[in-house]
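Only one structure is covered here, and it is reproduced in the block below.
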Amino acid sequence: MSKRFTNDINIRNKRAGFEFELLDKYIAGLVLKGTEIKSIKEGKVNLQDGYCYFNNGELFVKALNITPYAQGTHYNHEAGRERKLLLKRQELRKLEAKVSEKGLTLVPVRLFINDRGFAKLEIALARGKKVHDKRDSIKERDIKRELSRVKF
């Protein structure tokens, strides 16, 4: 039973846009092990609980859940392990300075496969929304929905 892998993977973290105000976006490479890329190409990734943090000047993503590959052997990967993100040194320094500011964090927004077949993670510098900001987001979304209904 052969599965077809596709490069048109585009996994989004919809909750990030609701929970956070996204200020700036970056695209980072991922350091993967073994069968992780096969699971990503099957689309078996959960970005909902993921977050990024700095450790000794390096950027890591934690709680990014990549389901173990079904046909994997005892060499299969661990689902919730932390993965290193690859960015230019200048970008890392800039992000680390901004994250050290009060109230800013890095959240994974989108995981995709680029044209060369590499997995990339789009991360965003974000500020947490307050309850009234979330209500405003819901209101804007409802207005857009009503306007699209009126057009048709």
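The values are calculated or read from the model by the stated rules, or taken from the named source; none is laboratory data. Here the structure is a predicted model, which means the values were calculated and not measured. Neighbour counts run over all protein chains shown; Cβ positions are idealised from the backbone, glycine included.
Okay, here's what the table says:
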| item | result |
| --- | --- |
| Number of positions in the range 43-84 that are closer than 25 Å to Asp8 by Cβ, part of a loop (DSSP other than H, G, I, E, B) and among the basic types (Lys, Arg) | 1 |
| Given (1) out of contact with any helix residue (DSSP H, G or I) (no Cβ under 9 Å at 6 or more places or on another chain); (2) surrounded by fewer than 17 Cβ atoms within 10 Å (Cβ to Cβ); (3) of a type outside the set (Val, Ile, Thr); (4) modelled with pLDDT under 90, index of the condition Ser39 fails | (2) |
| Test: Ala63 is hydrophobic (A, V, I, L, M, F, W, C) and farther than 17 Å from Glu122 by Cβ | no |
| Residue that is closer than 15 Å to Phe20 by Cα and hydroxyl-bearing (Ser, Thr, Tyr), where the choices are Tyr75, Tyr51, Tyr69 | Tyr51 |
| Which listed residue is farther than 25 Å from Asp115 by Cα and modelled with pLDDT under 90, from Asn56, Asn65, Asn76 | Asn76 |
| Residue that is nearest to the chain's Cα centre (by Cα) [pool: residues in the range 102-133 that are part of a strand (DSSP E or B) and among the β-branched types (Val, Ile, Thr)] | Val109 |
| Residue check, Arg93 in contact with a strand residue (DSSP E or B) (Cβ under 9 Å, 6 or more places away or on another chain) and among the charged types (D, E, K, R) | no |
| Residue match in the range 126-145 (condition: under 30 Å from Glu42 (Cα atoms), polar (S, T, N, Q) and surrounded by 11 or more Cβ atoms within 10 Å (Cβ to Cβ)) | no |
